[in-house]
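What follows draws every value from the coordinates through simple rules; no lab data is involved. Being a predicted model, the structure only gives us computed values, none of them experimental. So basically every Cβ, Gly included, is an ideal-geometry build from the backbone, and we count neighbours across all protein chains shown.
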Ligand SMILES: Cc1cc2nc3c(=O)[nH]c(=O)nc-3n(C[C@H](O)[C@H](O)[C@H](O)COP(=O)(O)OP(=O)(O)OC[C@H]3O[C@@H](n4cnc5c(N)ncnc54)[C@H](O)[C@@H]3O)c2cc1C
């Protein structure tokens, strides 16, 4: 069953790094959580260059790690090359960067999600927010079915209104090709 409940405490839209961290954090705090992702096997998929950390990013990753996040842990499990960037320069400009196994990284994240109690995956596209009196009450899926929620986390990523054209087909968001 894709979405066994119709009412959640938290619905997270998007299964990128931001989405899985938000969903795991919510579920680990005991919230009934749903993560809406267009493709179950794409959750946690890495960018073209499968690096984690780097200049301007590794300090954020370390903060996530300190708060109990999964990304740094997952990078440790799936890392294949570790580097301290700018090691010849002063400590203020150094950064940790890992290159990960691109296939293994999302597989392990998906395994962690599957074994997190209270976290359900809804394999669909969120098409709208349900609003009542200016407050969010849930979302609508692309097939029109409503999912109720006390709060909705938008983790829809870096592509925003970006569109992909494949012949006559038009799609949005990060896809499999
Ligand atoms: C071209 C490019 C190259 C990059 N290269 C690198 C790199 O080499 N190394 C690196 O560390 N970072 C790289 N980045 C940055 C990195 O990809 C982003 O910082 C990171 O992916 C952002 O994570 P996110 O979870 O916010 O968004 P995303 O990873 O974009 O995830 C958002 C997810 O939400 C889904 N979504 C959107 N709308 C809906 C909806 N309505 N319903 C359901 N799901 C929805 C999308 O399909 C997507 O899966 C790159 C970014 C771009 C654009």
Sites residue 158 and residue 131, calculated FRET efficiency, Cβ-Cβ separation with R0 25 Å, nearest 0.05:
0.50
Label-point separation (nm) for residue 104 and residue 73, each offset 7 Å from Cα along Cα-to-Cβ?
1.8
Measure nothing fancy, just the Cα-based angle from helix 17-28's long axis to the longest principal axis of the chain, in degrees from 0 to 90, nearest 10.
70
What nm distance separates the two modelled labels at residue 165 and residue 150, each placed 7 Å from Cα along Cα→Cβ?
4.6
Determine the relative contact order of the chain: mean sequence separation of Cα pairs under 8 Å and six or more apart, normalised by residue count, in whole percent.
29
Using label points projected 7 Å from each Cα along Cα→Cβ, tell me how many nm separate residue 93 and residue 65, to one decimal.
2.3
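Please work out whether the stretch 47-101 counts as rounded, prolate or oblate from its C-alpha gyration tensor, where a ≥ b ≥ c are the square roots of the eigenvalues and a/c under 1.5 means rounded, while otherwise a/b larger than b/c means prolate and anything else oblate?
Numbers: a/c = 2.08, a/b = 1.26, b/c = 1.65.
Oblate, since a/c reaches 1.5 and b/c is not below a/b.
Quick one: Cα convex hull volume of the chain, Å³ per residue?
With only Cα atoms used, the chain gives 145 Å³ per residue.
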For the chain, take the longest principal axis of its alpha carbons; what is the angle in degrees between that and the long axis of helix 104-114, to the nearest 10 within 0 to 90?
40
Can you grab the distance from the C-alpha centre of the stretch 103-117 to the C-alpha centre of the stretch 6-31, Å, no decimals?
14
